[in-house]
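Below: one structure, written as structure tokens.
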Amino acid sequence: RSATFVCAGDTTVTAIFSNDVTPELCMVSVQNNRNVLLWNTEDLPITSYTIYREGNVSGEYEAIATIPYAEAGMFNDTASRPATRSYRYHLTATDTCGNESDHGETHKTMHLTISQGIGTTWNLVWTEYEGAEYTTYVIYRGTDASNIQQIDIMPSGGNTTYSDVNAPEGTVYYQVGVMMTTLLQKKSLMKSGLMHML
């Protein structure tokens with residue numbers, strides 16, 4: 001940005017410069033049937049972060065929350081319904097001069113659907129996560145929503161389906177997660193595919 005000053009005499013001008021920053025979401029996961037956004041805070045003169053979510057028109061985003069810098073790093077989108085659909089989000093930062101940055105990479109959540117196959121087989125189909133690098137899907141299953149266990153892993157490249165041919169009879173819960181490739185995201189598996197009961 002540039003500024004022009006007209007000086008009629010001796011004038012002292014103090015310029016305060018702030019680094020341009022484009023904040024990046026680390027990931028959007030699912031907890032307690034709501035989307036949770038996670039990001040790293042920058043050690044820069046930032047006063048707040050603004051979270052944008054795609055609305056009902058493709059490509060059009062609306063601000064859903066402004067988070068003060070001191071409280072930044074995580075946001076729980078209580079209005080989201082990940083059991084119903086996937087969502088797109090991105091993030092901006094506002095500096096101490098009141099300038100809002102460009103938005104970072106847009107993240108799109110996974111959406112998991114399930115259908116019954118022959119016998120006790122269940123077929124899982126999900127949308128790909130967008131906005132972060134990952135190489136592996138992890139498949140979870142359980143007979144109780146609070147106690148699901150990993151049953152398989154598979155490469156992520158182009159794969160968005162899985163058939164569980166050895167499922168137990170009765171009520172079954174499923175979840176699909178991805179293993180991120182960045183250091184921060186390796187600390188915990190992102191369980192982005194929502195759990196479903198059948």
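The values are calculated or read from the model by the stated rules, or taken from the named source; none is laboratory data. Just so we're clear, the structure is a prediction, and the values are computed from it rather than from any experiment. With ideal geometry, Cβ positions are generated from the backbone for all residues, glycine too; neighbour counts draw on all protein chains shown. We work out accessible area using only protein heavy atoms, side chains counted, and drop any ligands, DNA or RNA first. Shrake-Rupley method; radii C 1.70, N 1.55, O 1.52, S 1.80 Å.
First compute the accessible area of region 34-79 with a 1.4 Å probe, then give the percent of it belonging to carbon and sulfur atoms. C and S atoms contribute 45 percent here.
For Arg88, what is the net charge nearby, where nearby means another residue's Cβ is under 15 Å from its Cβ and Lys, Arg count +1, Asp, Glu -1? Don't skip to the end; give the middle numbers.
Details: positive: Arg53, Arg81, Arg85, Lys108; negative: Glu24, Glu54, Glu60, Glu62, Asp77, Glu105, Glu128, Glu130.
Local charge sum for Arg88: -4.
At a Förster distance of 41 Å, what's the computed FRET efficiency of Ala70 paired with Thr161, Cβ-Cβ distance as r, to 0.05? Write down the numbers at each step before the final one.
Working: r = 43 Å, r/R0 = 1.06.
Between Ala70 and Thr161 the formula returns 0.40.
The mean accessible area for residues of region 60-133, using a 1.4 Å probe and ignoring ligands and nucleic acids, is 51 Å² per residue. Glu62 to Gln31: FRET efficiency via 1/(1 + (r/R0)^6), r the Cβ-Cβ distance, R0 22 Å, to the nearest 0.05? Computed FRET efficiency for Glu62 and Gln31 comes out at 0.45. Would you please give the FRET efficiency between Asp102 and Gln150, computed as 1/(1 + (r/R0)^6) with r the Cβ-Cβ distance and R0 = 35 Å, to the nearest 0.05? E(calc), rounded to 0.05, equals 0.35.
Which of the trypsin sites (Lys or Arg not before Pro) found in region 43-141 are in a DSSP loop and have at most 16 neighbouring Cβ atoms, other than their own, within 10 Å?
Values: sites: Arg53, Arg85, Arg88, Lys108, Arg141; in loops: Arg85.
Those satisfying the criteria are Arg85.
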